[in-house]
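> A single structure is presented below for examination.
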Amino acid sequence: MKKFLFMVMWCVVLAIGAAAQESPLSELNKQIATVREEIRVAIRQNPRVYYQDEDNPTMNIERRLGNTRINREYYCPYHRGFRYHNDICGIYLVDRYHRPAGVNPGSGCPALSNNITGYPVWKKLVEKVVVTEQKEKEIADLKAKLQDLLDRRAIVARAEASMEKAAQEANPEEPTSNPTVIVLPKIKVSELYSKKEIRYNGYIIQME
């Protein structure tokens, strides 16, 4: 009975010590989990909008495989050969003597009301290119930080394992540094004392 009570007290002391001061490995695991969550958030926030390597006058916006690629300039799909300048279709900027008949600046270019591939959609995507660049730099920095933490964790884990092995070899009868803690209600302690063996939470606990 004394030996059993000693083991219970030992487990309580270890539990209190663990709560008061976490091991370096536990702290690293927390930091790794935090950085991984930051990476997941940054990936979700990344709009993934990029400029085309070369402008395609026949396609201002191209969406594929979760990415969006856009021209650096907006080419009017309704007035071929004209590009937008300062939010105005180029056809409205030509000299009035060369302006095609029937073109009225007040009526506006149809591209301004196109909510799929129109000029306003393209302009908003231009702003997202900058956001994409910022997010991808943030993700790259976080991944480098994560790799550093993983490398440090591997070193600490190897060191702790070596220390624990050395301690066990030096004192084979001493409890390990990370024992399985089983907290017994008082009634279960009495039951164990009377029966010498009980089953609790999947464990078989015996008394000598």
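> Step by step: first the residues of the range 161-175, then only those that are of a type outside the set (A, V, I, L, M) and open to solvent by less than 60 Å² (accessible area, probe 1.4 Å), then the one that is modelled with the highest pLDDT. Which residue is that?
First pass over the range 161-175, keeping only residues of a type outside the set (A, V, I, L, M): 162, 164-165, 168-169, 171-175.
Among the residues that remain, those that are also open to solvent by less than 60 Å² (accessible area, probe 1.4 Å) are: 164, 175.
Details: Glu164: 73, Pro175: 56.
Among residues in the range 161-175 that are of a type outside the set (A, V, I, L, M) and open to solvent by less than 60 Å² (accessible area, probe 1.4 Å), the one modelled with the highest pLDDT is Glu164.
> Where residues in the range 113-149 are in contact with a Pro (Cβ under 9 Å, 6 or more places away or on another chain) and open to solvent by less than 80 Å² (accessible area, probe 1.4 Å), which of them is farthest from Ile61 (Cα to Cα)?
Among those that are in contact with a Pro (Cβ under 9 Å, 6 or more places away or on another chain) and open to solvent by less than 80 Å² (accessible area, probe 1.4 Å), it is Lys135.
> So, one more: Please work out if Asn114 is more than 24 Å from Arg44 (Cβ to Cβ), in a loop (DSSP other than H, G, I, E, B) and modelled with pLDDT of 70 or more. Give the derivation first.
Values: more than 24 Å from Arg44 (Cβ to Cβ): yes; in a loop (DSSP other than H, G, I, E, B): yes; modelled with pLDDT of 70 or more: yes.
For Asn114, the condition - more than 24 Å from Arg44 (Cβ to Cβ), in a loop (DSSP other than H, G, I, E, B) and modelled with pLDDT of 70 or more - is met.
> Give the range 112-154 a look and list any residue that's β-branched (Val, Ile, Thr) and over 19 Å from Tyr51 (Cα atoms), or say none.
Result: Ile139, single match.
> Right, next: Would you confirm, using the coordinates I've provided, whether Ile91 is surrounded by 13 or more Cβ atoms within 10 Å (Cβ to Cβ), at pLDDT 90 or above, assigned to a helix (DSSP H, G or I) and out of contact with any strand residue (DSSP E or B) (no Cβ under 6 Å at 6 or more places or on another chain)?
no
The values are calculated or read from the model by the stated rules, or taken from the named source; none is laboratory data. No experiment lies behind these values; they were computed from the predicted model shown. Cβ: placed from backbone, ideal geometry, glycine included. Neighbour counts: every protein chain shown. Side chains are part of the model used for accessible areas, which takes the heavy atoms of the whole protein and leaves out ligands, DNA and RNA. Shrake-Rupley method; radii C 1.70, N 1.55, O 1.52, S 1.80 Å.
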